[in-house]
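Q: I have a structure I would like to understand better, so I am pasting it below and will then ask my questions one at a time.
The values are calculated or read from the model by the stated rules, or taken from the named source; none is laboratory data. Everything numeric in this text was worked out from a predicted model, so none of it was measured. Note: ideal-geometry Cβ built from the backbone for every residue, glycine included; neighbour counts use all protein chains shown.
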Amino acid sequence: MRMRAECVPCQLRRALYEASLVPGSDEDAVMAAACKVLAENFPPPTGISNHEISTRVHEVVYRVLGTQDAYVDIKRRSNQAALRLHPEVERMVRESDDPFKTALLASVVGNVMEFGIEGVAPSPEHLSEMFHRLYQHGLHVDHTNGIRQKIRQVEEVLYITDNAGEIVFDGLLIREIKKFGPRVTLMVRGEPIMNDATMTDVQELGLENVADKVTTTGSFGVGVVLSRAPKKVKDEIFNAEFIIAKGMGNYEAFADVELPPTAFLLRTKCRPVAEDIGFPKGVNVAYLRE
């Protein structure tokens, strides 16, 4: 997905937010570094997508901040908030007339667990309040039946995650997927970036006992940056029978890439992504692209 003008101030707001997470950080230096990368990459060079430029911005911001994980506390609190809500959501799935759809919607609503941009939870502690409100909205784009049919036809699903906290609800959906028969490979980020889930979150939450296999994107990047991904990761993606890709970062990464059948599960939290995918801003989306 091509970077748009609106993405530039969003990137800068995120950089300033990340500086606020690291005590004693030099905000001027952080913003100068982020501005330099954006000045060099906007308008975007041909073939360079928004998520690749965003990755470059985060790379220099983290370098200036002197940290490998600016969001470590936010991620811990996000997982705790999601775990507190988990028993209630698990009961909702169990008692539902359509457990798969309920788990899918819960997973999509969990995508609100993002910080430093507009239209998201102000803090992990607001999850319960926002979850119940956004769950009532249902799916604005509801390809649940098509997604269900695809899952029934394959032997393995590649499930590419997005945020910490959110990944707790992904676990409920993975359990429902496995009831249809396929194995599930869970792919998380290879290195900490923003509040995206990593192998550390998988291990702390016990999700290696839910998925059949856990792997990573193998690199530092917003979503899956194919230009940085090891051959093994690219092979896993392009040889997959069916992909579930969570969140806007993964949509940005794959919007212009020819993939196997893919379900994009996300909230359209910004106008550029909403317009690119073709749905309104601020809605729950379960979109099957074949």
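Q: Just name the residue that is nearest to Leu83 (Cα to Cα) out of those in segment 96-126 that are hydroxyl-bearing (Ser, Thr, Tyr) and assigned to a helix (DSSP H, G or I). Let's see the steps before the verdict.
A: Our first condition is that a residue be hydroxyl-bearing (Ser, Thr, Tyr); within segment 96-126, this holds for 96, 102, 107, 123.
This time we only want the ones that are assigned to a helix (DSSP H, G or I), so: 102, 107.
Values: Thr102: 17, Ser107: 13 Å.
Going through the qualifying residues, I end up with Ser107.
Q: Of (1) under 16 Å from the mean Cα position of the chain (by Cα); (2) surrounded by 23 or more Cβ atoms within 10 Å (Cβ to Cβ); (3) assigned to a loop (DSSP other than H, G, I, E, B), Ala70 satisfies all except one. Which?
A: If we test Ala70 against (1) under 16 Å from the mean Cα position of the chain (by Cα); (2) surrounded by 23 or more Cβ atoms within 10 Å (Cβ to Cβ); (3) assigned to a loop (DSSP other than H, G, I, E, B), just (1) comes out false.
Q: Taking the condition buried (at least 19 other Cβ atoms within 10 Å of the Cβ) and either in contact (Cβ under 8 Å) with a residue 24 or more places away in the chain or assigned to a helix (DSSP H, G or I) (or both), does Met92 pass? Break it down stepwise before answering.
A: Details: buried (at least 19 other Cβ atoms within 10 Å of the Cβ): no; either in contact (Cβ under 8 Å) with a residue 24 or more places away in the chain or assigned to a helix (DSSP H, G or I) (or both): yes.
Judged against the criteria, Met92 is not a match.
Q: Can you tell me which residue within segment 20-63, out of those that are under 25 Å from the mean Cα position of the chain (by Cα) and among the charged types (D, E, K, R), is farthest from Val257 (Cα to Cα)?
A: Looking at residues that are under 25 Å from the mean Cα position of the chain (by Cα) and among the charged types (D, E, K, R), I get Arg63.
Q: Shifting gears a bit: Identify the residue in segment 205-233 that is of a type in the set (S, T, N, Q) and loosely packed, with under 15 Cβ neighbours inside 10 Å and, among all such residues, is farthest from Arg63 (Cα to Cα).
A: If we take residues in segment 205-233 being of a type in the set (S, T, N, Q) and loosely packed, with under 15 Cβ neighbours inside 10 Å, then Asn209 is farthest from Arg63 (Cα to Cα).
Q: Do we find that Phe264 is surrounded by 23 or more Cβ atoms within 10 Å (Cβ to Cβ) and among the aromatic types (Phe, Trp, Tyr) in this structure? Spell out the reasoning first.
A: Numbers: surrounded by 23 or more Cβ atoms within 10 Å (Cβ to Cβ): yes; among the aromatic types (Phe, Trp, Tyr): yes.
The answer is yes for Phe264.
Q: Within segment 39-75, track down each residue that is β-branched (Val, Ile, Thr) and under 22 Å from Ile167 (Cα atoms).
A: The initial filter retains those residues of segment 39-75 that are β-branched (Val, Ile, Thr), namely 46, 48, 53, 55, 57, 60-61, 64, 67, 72, 74.
Within segment 39-75, Thr55, Val72, Ile74 meet the criteria.
Q: Report yes if some residue within segment 234-257 is among the basic types (Lys, Arg), more than 19 Å from His58 (Cβ to Cβ) and without any contact (Cβ under 8 Å) to a residue 12 or more places away in the chain; otherwise report no. Give the steps one after another, and end with the answer.
A: Applying the first criterion (among the basic types (Lys, Arg)) to segment 234-257 yields 234, 246.
Still in the running and more than 19 Å from His58 (Cβ to Cβ): 234.
Restricting the remaining residues to those that are without any contact (Cβ under 8 Å) to a residue 12 or more places away in the chain gives 234.
Taking every residue of segment 234-257 in turn, at least one turns out to be among the basic types (Lys, Arg), more than 19 Å from His58 (Cβ to Cβ) and without any contact (Cβ under 8 Å) to a residue 12 or more places away in the chain.
Q: Among the residues of segment 244-290, what is the count of those that are in contact with a helix residue (DSSP H, G or I) (Cβ under 7 Å, 6 or more places away or on another chain) and within 14 Å of Thr161 (Cα to Cα)?
A: 14
Q: Could you pull out the residue among Val188, Val184 that is under 30 Å from Val22 (Cβ atoms), of a type in the set (A, V, I, L, M), assigned by TED's automatic domain parsing to the domain that holds Pro87 and free of Cβ contacts under 8 Å to residues at least 40 places away in the same chain? Reasoning before the result, please.
A: On the way: Val184 fails: under 30 Å from Val22 (Cβ atoms).
Every option except Val188 fails the conditions.
Q: So, one more: Scan segment 122-140 and tell me whether some residue there is within 30 Å of Ala33 (Cβ to Cβ) and surrounded by 15 or more Cβ atoms within 10 Å (Cβ to Cβ).
A: yes
Q: Pick from Pro23, Pro44, Pro9: which is surrounded by fewer than 21 Cβ atoms within 10 Å (Cβ to Cβ), free of Cβ contacts under 8 Å to residues at least 60 places away in the same chain, out of contact with any Phe, Trp or Tyr (no Cβ under 8 Å at 6 or more places or on another chain) and assigned to a helix (DSSP H, G or I)? Spell out the reasoning first.
A: On the way: Pro23 fails: assigned to a helix (DSSP H, G or I); Pro44 fails: assigned to a helix (DSSP H, G or I).
When all the criteria are applied, what remains is Pro9.
Q: Does Gln80 satisfy the criteria of being under 21 Å from the mean Cα position of the chain (by Cα), assigned by TED's automatic domain parsing to the domain that holds Gln136, outside any loop (DSSP other than H, G, I, E, B) and under 24 Å from Glu166 (Cβ atoms)? Can you show your working first?
A: Details: under 21 Å from the mean Cα position of the chain (by Cα): yes; assigned by TED's automatic domain parsing to the domain that holds Gln136: yes; outside any loop (DSSP other than H, G, I, E, B): yes; under 24 Å from Glu166 (Cβ atoms): yes.
Here the answer is yes, as Gln80 does meet what is asked.
Q: Suppose we filter Leu127, Leu134, Leu158 for residues that are at pLDDT 95 or above, touching a Leu at 6+ places or on another chain (Cβ under 9 Å), assigned by TED's automatic domain parsing to the domain that holds Lys234 and of a type outside the set (Ser, Thr, Tyr); which single one remains? I'd like the intermediate steps shown before the answer.
A: On the way: Leu127 fails: at pLDDT 95 or above; Leu134 fails: touching a Leu at 6+ places or on another chain (Cβ under 9 Å).
Residue meeting the stated conditions: Leu158.
Q: Can you confirm whether Val233 is in contact with a Ser or Thr (Cβ under 7 Å, 6 or more places away or on another chain) and in the same structural domain as Phe115 (by TED's automatic domain parsing)?
A: Values: in contact with a Ser or Thr (Cβ under 7 Å, 6 or more places away or on another chain): yes; in the same structural domain as Phe115 (by TED's automatic domain parsing): yes.
Yes; evaluated as a whole, the condition is true for this residue.
Condition check ((1) touching a residue at least 12 places away in the same chain (Cβ under 8 Å); (2) in the same structural domain as Lys269 (by TED's automatic domain parsing); (3) surrounded by fewer than 18 Cβ atoms within 10 Å (Cβ to Cβ); (4) outside any helix (DSSP H, G or I)) across all residues:
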{"position": "Arg13", "(1), (2), (3), (4)": "yes, no, yes, no"}
{"position": "Met31", "(1), (2), (3), (4)": "yes, no, yes, no"}
{"position": "Thr55", "(1), (2), (3), (4)": "yes, no, no, no"}
{"position": "Pro87", "(1), (2), (3), (4)": "no, yes, yes, no"}
